[in-house]
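For reference, the structure is listed below as structure tokens.
The values are calculated or read from the model by the stated rules, or taken from the named source; none is laboratory data. The structure presented is a predicted model; accordingly, all values stated were derived computationally and were not measured. All Cβ positions, even for glycine, are placed from backbone atoms using ideal geometry, and neighbour counts span all protein chains on display.
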């Protein structure tokens with residue numbers, strides 16, 4: 001099986017060679033196309049210069065030969081019917097009609113025509129550039145051509161240079177990968193030696209990595225792991241203490257639920273016994289007792305519903321149905337609901353239209369809990385204010401101490417522990433969970449003897 005530094009060396013070299021081969025093929029194609037286009041452009045520019053001087057030329061044969069002598073480029077003048085009028089390299093009388101030659105035909109359609117084809121006259125591939133012009137009131141075609149061999153020779157010369165550079169890069173890559181492989185092997189060897197020492201319970205062993213940050217990071221992680229092994233017993237004790245605390249919390253929850261249910265349950269049992277034991281009980285009194293039984297049953301149901309909702313919110317098991325909600329209407333609905341329960345209390349609403357993307361049912365529950373909390377702990381008017389930034393509920397009751405403000409949103413905690421309000425201290429805990437799901441939070445400010453303010457952001 002390969003060691004990691006051998007594996008790295010082989011993969012690094014393989015990846016480099018694959019990249020080099022692909023880039024070579026691409027550069028080969030690109031370079032060849034570029035050189036060919038450059039040659040065509042060179043012939044095109046030469047043909048443009050020749051065209052400028054054509055009207056001043058009287059002897060086309062001599063002019064054709066002079067073009068070749070100056071530029072070593074074959075020059076041909078072709079008449080309208082395809083006959084060769086002048087030729088720099090061959091006897092024009094012995095040459096075939098050129099009317100059907102590709103570059104000559106295309107010259108009638110384009111300003112300048114190009115082609116690459118085999119020349120039967122010279123038995124070699126040529127690059128042709130042709131242009132149709134007016135010469136002494138006659139239409140003629142000027143054509144320059146260059147052997148493709150010259151182009152390919154130029155290309156191969158450049159390509160050989162590139163191959164040499166590529167081979168030099170391969171050699172450099174081999175050297176770099178070799179030294180990288182040695183450094184990886186050095187660090188890996190020290191890590192494995194350190195692990196062997198730890199396996200033999202030598203927790204004071206020293207680990208030393210020098211070349212790579214990743215291996216240094218692994219070394220630090222290993223050292224931290226050894227420290228954690230030494231702290232295992234301490235962690236076990238902490239875990240045991242945590243289990244005891246969790247058991248105590250469960251016991252506290254059961255105790256709180258039991259305590260809160262006793263009062264309404266005792267009322268239900270008491271009133272039920274009175275109704276059953278006295279068959280001659282007056283109808284008005286019977287209806288009063290039955291109403292008491294119904295109210296206390298509803299209190300227990302509400303209490304259980306709140307406990308269930310609290311657990312779902314805490315465990316993120318509740319699916320929110322968010323939509324665009326008009327908060328002023330939701331707040332007014334909450335106030336109307338509470339006025340049925342507290343008909344003698346005054347709740348004053350000061351509000352502007354404000355929209356919020358929220359679960360309407362849960363946001364209404366937040367508002368109801370905040371207002372009902374204010375009603376329970378004060379006897380004066382409760383003010384509710386809604387503006388573009390926040391919703392605020394203000395009461396003028398007993399107020400809350402600084403110590404209690406930090407605890408009041410905890411489950412089962414109530415400031416007045418001697419009163420029963422069928423909430424089990426869950427109201428503000430539920431409010432906190434719901435607002436968290438809506439990317440908001442509850443802010444509480446209070447002064448003892450003056451009152452409290454509960455608010456949350458709506459923007």
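Quick grid of which residues meet (1) assigned to a helix (DSSP H, G or I); (2) modelled with pLDDT of 85 or more; (3) in the same structural domain as residue 55 (by TED's automatic domain parsing):
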site	(1), (2), (3)
100	no, yes, yes
116	no, no, yes
129	no, yes, yes
139	no, yes, yes
150	yes, no, yes
169	yes, no, no
Please enumerate the residues belonging to the stretch 319-337 that are part of a helix (DSSP H, G or I) and in contact (Cβ under 8 Å) with a residue 40 or more places away in the chain.
-> 327, 328, 331, 335
Test residue 376 against the criterion of being under 22 Å from residue 434 (Cα atoms), over 47 Å from the mean Cα position of the chain (by Cα), surrounded by 15 or more Cβ atoms within 10 Å (Cβ to Cβ) and in the same structural domain as residue 330 (by TED's automatic domain parsing), and give yes or no.
-> yes
Considering 281, 274, which residue is at pLDDT 70 or above, outside any helix (DSSP H, G or I), more than 30 Å from residue 209 (Cα to Cα) and touching a helix residue (DSSP H, G or I) at 6+ places or on another chain (Cβ under 7 Å)?
-> 281
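Can you confirm whether the stretch 102-117 contains a residue that is free of Cβ contacts under 8 Å to residues at least 12 places away in the same chain and surrounded by 15 or more Cβ atoms within 10 Å (Cβ to Cβ)?
yes
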Residue in the stretch 402-433 that is modelled with the highest pLDDT, counting only those that are in contact with a strand residue (DSSP E or B) (Cβ under 8 Å, 6 or more places away or on another chain) and either farther than 22 Å from residue 298 by Cα or assigned to a loop (DSSP other than H, G, I, E, B) (or both) | 432
For the stretch 438-449, name all the residues that are modelled with pLDDT under 85 and outside any loop (DSSP other than H, G, I, E, B).
-> none
What is the residue count in the stretch 439-451 for residues that are touching a helix residue (DSSP H, G or I) at 6+ places or on another chain (Cβ under 7 Å) and surrounded by 15 or more Cβ atoms within 10 Å (Cβ to Cβ)?
-> 3
Name every residue in the stretch 342-365 that is out of contact with any helix residue (DSSP H, G or I) (no Cβ under 8 Å at 6 or more places or on another chain) and either part of a helix (DSSP H, G or I) or not assigned by TED's automatic domain parsing to the domain that holds residue 380 (or both), in order of residue number.
-> 361
Residues within the stretch 39-49 that are in contact with a helix residue (DSSP H, G or I) (Cβ under 9 Å, 6 or more places away or on another chain) and either crowded, with 19+ Cβ neighbours inside 10 Å or at pLDDT below 85 (or both), tallied | 1
Mind checking which pairs have a first residue in the stretch 81-94 that is in the same structural domain as residue 61 (by TED's automatic domain parsing) and a second that is in a loop (DSSP other than H, G, I, E, B) and surrounded by 17 or more Cβ atoms within 10 Å (Cβ to Cβ), Cβ under 9 Å, 6 or more apart or different chains?
-> 82/98; 82/101; 83/98; 84/98; 85/79; 88/73
